[in-house]
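Below you'll find the structure, written out as C-alpha cells, and then a few comments.
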Amino acid sequence: MHVVIIGCGRSGSALASRLDAEGETVGVIDCNGDTRSRLPASFRGTFVTGDALRQSVLKEAGVETADAFVTVSSNDSLNIVAARVARDIFHVPHVVGRLHDVGWQPISSHLGIQMVTTVQMTVDRIHLMLAHRPLDPELIFGNGESLLIRSSVPDYLAGRRVIEFNVEGEIQVVEVSRGGHSIIPGAATTLHEGDMVSFAVASSSLGRLQSFLGGRWDQ
Amino acid sequence: MKIIVAGGGLVGGQVARALIASNNQVMVVESDRETAASLAAAGLEVVTGNASVATSLEAAGALRADVLVACTERDEENLVISIMAKRHLEIPRVIARINDDANRWLFDAFWGVDAAISSAGALVALIEQTSD
C-alpha cells in the first residue's frame, strides 16, 4: 500500500514512521523541510518539501498511485482542500483528514470527506473519564445482553492479577489502559494504580461487577 | 447589491470600501478582532468570526446575499469559503482572490468559484463592472 501524508508534525511523523515500519510505502509532504528530522533515520519513504496544493509536489509524493491519503497539517482549511483534491482529482480510494476546529465539520461532512476532529475527540474522552459513572456502558451488543464497560479500579487492588476479575460466562477483562497506552492482559498481567480496565460483561452480572469494583473482592 | 466580503485585511478592506462607494450594501466577515474593530470604527459593517464557518456567513446575511467575495490571505481558506457559499448557502455569484498564482488551477467551478482574480486592483474592477 502506498500512503501520502500531508504534514510532518507530531501526528504525521508518527503515522509515517509506523506505516513505514509495517512495510508500507509512504510519501510525506511538509512545507517546512526541517520537519524531516521528526522521521527516524530508518525511514525509507519519500519526503517532499513543498506546498501540498501544488500538483507537482503531490505527484512527487506519489499521489497518482496512492492507495490512501492522509492530511494532518496544522491548517484545517488546507486539510479540507487537500483531501478533496486527492479524492476527486487524483481519485485516491481512501482519504482521511484531521481537523482541530469543530467549526469546520459541517463543510467537510457536506463534502463527504472523512475527518477526525481532534479537539472533539479529546473533549469526549476526557469528559467520559471524568464522569463518575464508571458502569455506564461504552458499547452495547445485541439487544443489550452484553455490554462493554470501562472503569477505573480501586487502588487497593493494585498487584492483583487482572484475570481474577474473570467469571466464566459473566465477566471478561478485555483490555487495560495504563499511562496512555492500551494492553491486552495476559494470565500474568497485574493491576497497577490508575489503570482503566475494559470489561465485557453480561447485563445480568452488572451488579456483580459493581460489587467487585466497589470493594467486595469475593473470589 | 448585497455583497459579503470574507476577509477584511488590506485587500478585503479596500474591496469593501470600493463597493460601498458604488452604492452596494456590504458586510465584511473578519476573524481577527482588532482588524474587525478598526473596520467597524471606519464605518464598515462587520461580523467578527471565521468566514469559513457557515454560522458566521449566515450572521452576515449570506442567505440574502447576491455576491460573496472570498478575500482572505490564504488560498485554501478562500476555496473552502467559496464552496460553502456556493453549495451550502447558494449565493448566486462567488468571486475568489488568489494569493499565490500557483494555486490558480484550483480556483474553478469545482470549488464553487465563478471568477478568480489574483490582484486587488483587478478584483475591484471586476466587482464594479458586475455591480453596474
Test: residue in the range B:29-42 that is surrounded by 23 or more Cβ atoms within 10 Å (Cβ to Cβ) and more than 20 Å from A:Ser77 (Cβ to Cβ): yes
Evaluation of B:Gly12 against (1) within 14 Å of chain A (Cβ to nearest Cβ); (2) assigned to a helix (DSSP H, G or I); (3) within 25 Å of A:Ser74 (Cα to Cα) (one fails), failing number: (1)
Residue in the range B:36-51 that is in contact with a helix residue (DSSP H, G or I) (Cβ under 8 Å, 6 or more places away or on another chain), at pLDDT 95 or above and not small (Gly, Ala, Ser) present: no
Selected residue (only one of B:Ile83, B:Ile98 is within 11 Å of chain A (Cβ to nearest Cβ), of a type in the set (A, V, I, L, M, F, W, C) and within 13 Å of the chain's Cα centre (by Cα)): B:Ile83
Positions within the range A:32-84 being in a loop (DSSP other than H, G, I, E, B) and among the basic types (Lys, Arg), in sequence order: A:Arg44, A:Arg54
Single unsatisfied condition, B:Leu79 versus (1) buried (at least 17 other Cβ atoms within 10 Å of the Cβ); (2) among the hydrophobic types (A, V, I, L, M, F, W, C); (3) touching a Ser or Thr at 6+ places or on another chain (Cβ under 7 Å): (3)
Any hit, the range B:63-70, residues being within 14 Å of chain A (Cβ to nearest Cβ) and in contact with a Phe, Trp or Tyr (Cβ under 7 Å, 6 or more places away or on another chain): no
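Within the group A:Arg98, A:Arg150, which residue is in contact with a Gly (Cβ under 9 Å, 6 or more places away or on another chain) and either more than 14 Å from chain B (Cβ to nearest Cβ) or not in a helix (DSSP H, G or I) (or both)? Reasoning before the result, please.
Working: A:Arg150 fails: in contact with a Gly (Cβ under 9 Å, 6 or more places away or on another chain).
None of the others qualify; the one that does is A:Arg98.
Going through A:His91, A:His2 one at a time, which residue ends up being within 14 Å of chain B (Cβ to nearest Cβ) and either surrounded by fewer than 24 Cβ atoms within 10 Å (Cβ to Cβ) or at pLDDT below 95 (or both)? Show your work before the answer.
Details: A:His2 fails: within 14 Å of chain B (Cβ to nearest Cβ).
Result of the check over A:His91, A:His2: A:His91.
The values are calculated or read from the model by the stated rules, or taken from the named source; none is laboratory data. Small disclaimer: the values here were computed from a predicted structure and weren't measured. Reconstructed Cβ throughout: ideal geometry from the backbone, glycine too, with neighbour counts over all protein chains shown.
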